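A.B. asks: Mind having a look at this structure? Questions to follow.
The values are calculated or read from the model by the stated rules, or taken from the named source; none is laboratory data. Keep in mind it's a predicted model, so treat the numbers as computed, not measured. Every residue, glycine as well, gets a Cβ built from its backbone with ideal geometry; the counts of neighbours run over all protein chains shown.
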Amino acid sequence: LMLTGMGAVLGVLLGHSFLAALVATSDQAAVATLKPWVFLNQELLILVYALLTGLIASLIPAWSAYQTSIAKQLTKA
C-alpha cells in the first residue's frame, strides 16, 4: 500500500514536471498559457483510486495466504 501511494504521488509529480518542461521549451501560444504547477482537485481522486486499487490488489494474495494451512505446508515432503 505504501508502494502504491508513493507511485501515485510520484506519477502526479512527474506528470507536472513533464508539463513544466513542455511549457518551458515550447514556443506555441496554446502551450505557453498552461500552468504546470497548479494541482486540481481531480488529481486527489487519482491518488484515492490508486490507493484503493493497491488495497484491493494486496487483499487478494493476503486472503490466499490466510486460507493456507501452515501445518499442512510444513508436513509436505
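A.B. asks: So, in the range 7-31, exactly how many residues are farther than 16 Å from Leu44 by Cβ, modelled with pLDDT of 95 or more and either within 12 Å of the chain's Cα centre (by Cα) or of a type in the set (Val, Ile, Thr) (or both)?
C.D. replies: Matching residues across the range 7-31 total 1.
A.B. asks: A further question on this structure: Just checking, which of Ala8, Ala30, Ala57 is of a type in the set (A, V, I, L, M, F, W, C), exposed (fewer than 10 other Cβ atoms within 10 Å of the Cβ) and either in contact with an Asp or Glu (Cβ under 7 Å, 6 or more places away or on another chain) or assigned to a helix (DSSP H, G or I) (or both)?
C.D. replies: Ala30
A.B. asks: Look at Ala77 and say whether it is surrounded by fewer than 10 Cβ atoms within 10 Å (Cβ to Cβ), modelled with pLDDT under 90 and in a loop (DSSP other than H, G, I, E, B).
C.D. replies: Yes; evaluated as a whole, the condition is true for this residue.
A.B. asks: Further question on the same structure: Are any residues in the range 16-27 among the hydroxyl-bearing types (Ser, Thr, Tyr) and either touching a strand residue (DSSP E or B) at 6+ places or on another chain (Cβ under 8 Å) or in a helix (DSSP H, G or I) (or both), and if so, which ones?
C.D. replies: Ser17, Thr25
A.B. asks: Is there any pair linking a residue in the range 18-42 that is closer than 27 Å to Ala8 by Cβ to one that is outside any loop (DSSP other than H, G, I, E, B) and not hydrophobic (A, V, I, L, M, F, W, C), with Cβ under 7 Å and at least six apart or on different chains, and which?
C.D. replies: Pro36/His16; Trp37/His16
A.B. asks: Right, Leu44: assigned to a helix (DSSP H, G or I) and not polar (S, T, N, Q) or not?
C.D. replies: Yes: the conditions hold for Leu44.
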